1. Once fully extended, how much extra length lies between L66 and F26, figured as 0.36 nm per residue of separation less the alpha-carbon to alpha-carbon distance?
2. Dividing the convex hull volume of the Cα atoms of the stretch 27-87 by its residue count, what figure in Å³ per residue is obtained?
3. Mind listing the phi-derived Karplus ³J(HN,Hα) values for the stretch 56-68, rounded to whole Hz, using 6.51, -1.76 and 1.60 with θ = phi - 60°, and x for any glycine or proline?
4. I need the phi-derived Karplus couplings for the stretch 16-33: 6.51 cos²θ - 1.76 cosθ + 1.60, θ = phi - 60°, integer Hz, Gly and Pro marked x.
Amino acid sequence: MLLLGRGGARAFAAGTPWWQVFLLSFVQAGLLIHIVLGFLSPDKAKLLAPLTRNFFANPDLHLWWLLGPLVILILIRWFEWKEEKKW
């Protein structure tokens, strides 16, 4: 919670820029897809499209998919803090 700032637990406001919502939604959906595809057997994983297999079903990217949403959320909060600091 320390990295998220004072309003870390508050929800995104209705006026949140679209790119923040898109970016956070992408990494959260990617994490969900990565977790679901992780349950596939190696034989079934070979049947996936190459892009899906390399990007979402790659066990080497497990740490990145776990940390991605957290890092994006911290960056979004940092940009918001920088904007508040300007005024």
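1. Length gained between L66 and F26: 13.1 nm.
2. Per-residue hull volume (Cα only) is 75 Å³.
3. Those phi angles translate into 9, 9, 7, x, 5, 9, 4, 5, 5, 5, 6, 8, x Hz.
4. Here the 3J(HN,Hα) series is 5, x, 4, 5, 5, 5, 4, 5, 5, 5, 4, 6, 5, 5, x, 4, 4, 4 Hz.
No value in this document is a laboratory result; all are computed from the given coordinates. The structure displayed is predicted, hence computed values, not measured ones.
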